[in-house]
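**Student:** My questions will all concern the structure given below.
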Amino acid sequence: GGGAYMCTFSLSLSSQSSPSHELVFAGKQNSEMLCSLTLTNTSENTLAYKVKTTAPTRYKVRPNLALIDKKSVAKVHVLLTHAPGDSLTSTSVAQDKFLIQSYVFDSSARIPEQRDLITFWKSLPRRSIVEHRMRCRLLYNVPKGPVSPKHEELKPQTVSSPHVKETVVFGSHFAGPGVEAQMSLMAGKVDKLVASSKQLSLRVRRLTRLNCAIVVLLILVLIFSLVY
């Protein structure tokens with residue numbers, strides 16, 4: 001219930017890991033809370049980014065991975081949902097973390113298509129990825145509107161280093177508390193249940209055949225003992 005609340009957050013990433021920052025989610029209890037992350041690629045080459053969280057069922061990130069052209073900006077929309085049974089408290093949210101990973105391509109590198117980014121990230125060596133970790137903080141009973149959390153904008157270490165400026169904001173285009181994302185999550189769970197059911201059915205059929213074979217064998221042994 002309740003309307004959408006928004007908070008903005010800015011930070012910079014360089015080739016050096018930055019200190020931890022907080023993502024502050026502000027609003028009224030049981031309301032969906034929005035935050036918008038603006039990613040700016042200040043390098044001379046295309047950049048790939050990926051956003052991860054320790055609580056994927058609580059936070060919906062769209063898109064969670066994409067490409068940014070050189071000297072361009074991209075928006076990432078994050079939604080903090082309040083699912084039934086989820087104890088959404090300041091203490092529980094403070095345990096959640098976000099990780100933003102970035103990778104700048106060489107000028108001669110082949111740039112993957114959007115549909116190939118999942119495979120691309122799996123193949124990347126860890127040492128070539130720049131990471132920035134962020135904690136989360138929840139504020140209740142905050143007036144509706146933009147909230148600017150305290151933060152320190154990090155400056156690039158050197159001019160030659162590739163940088164990504166980032167801001168976190170929740171997208172207002174979400175219709176309800178993450179309906180689309182929750183349906184996608186539910187579909188994944190259903191697929192897993194169907195696969196498990198098929199495996200269980202296969203095992204039952206195998207056990208049935210084995211039991212039939214044992215019964216036939218016992219009957220043959222009984223007949224043999226009676227005859228001889």
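**Student:** Any residue at all in segment 41-51 that's charged (D, E, K, R), crowded, with 16+ Cβ neighbours inside 10 Å and assigned to a strand (DSSP E or B)?
**Tutor:** The answer is yes; a qualifying residue exists.
**Student:** Another question, if that's okay. What are the pairs with Cβ atoms under 7 angstrom where one residue, in segment 87-115, is closer than 23 Å to THR46 by Cβ and assigned to a loop (DSSP other than H, G, I, E, B) and the other, located anywhere, is of a type in the set (Phe, Trp, Tyr) and at pLDDT 90 or above? Sequence gap at least six, or different chains.
**Tutor:** ILE111/PHE105; PRO112/PHE120
**Student:** Out of SER148, SER161, report the one residue that is modelled with pLDDT under 55, open to solvent by 60 Å² or more (accessible area, probe 1.4 Å) and more than 20 Å from ASN64 (Cα to Cα).
**Tutor:** The match here is SER148.
**Student:** When segment 1-35 is examined, which residues are found to be among the small types (Gly, Ala, Ser) and modelled with pLDDT of 80 or more?
**Tutor:** ALA26, GLY27, SER31
**Student:** Starting from residues that are open to solvent by 30 Å² or more (accessible area, probe 1.4 Å) and within 17 Å of the chain's Cα centre (by Cα), keep the ones in segment 58-93 and report whichever is farthest from HIS132 (Cα to Cα).
**Tutor:** Filtering segment 58-93 down to residues open to solvent by 30 Å² or more (accessible area, probe 1.4 Å) leaves 62-64, 67, 69-73, 75, 77, 82-87, 89-91.
Subset that is within 17 Å of the chain's Cα centre (by Cα): 62-64, 67, 75, 77, 82-83.
Numbers: ARG62: 18, PRO63: 17, ASN64: 15, LEU67: 17, LYS75: 17, HIS77: 17, HIS82: 26, ALA83: 27 Å.
This residue is ALA83.
The values are calculated or read from the model by the stated rules, or taken from the named source; none is laboratory data. Bear in mind that the values here come from a model prediction, so they are computed numbers and not experimental data. Because the Cβ atoms are built from the backbone with ideal geometry, glycine has one as well, and the counts that use them run over all protein chains shown. Note: areas computed on protein heavy atoms with side chains; ligands, DNA, RNA excluded. Shrake-Rupley method; radii C 1.70, N 1.55, O 1.52, S 1.80 Å.
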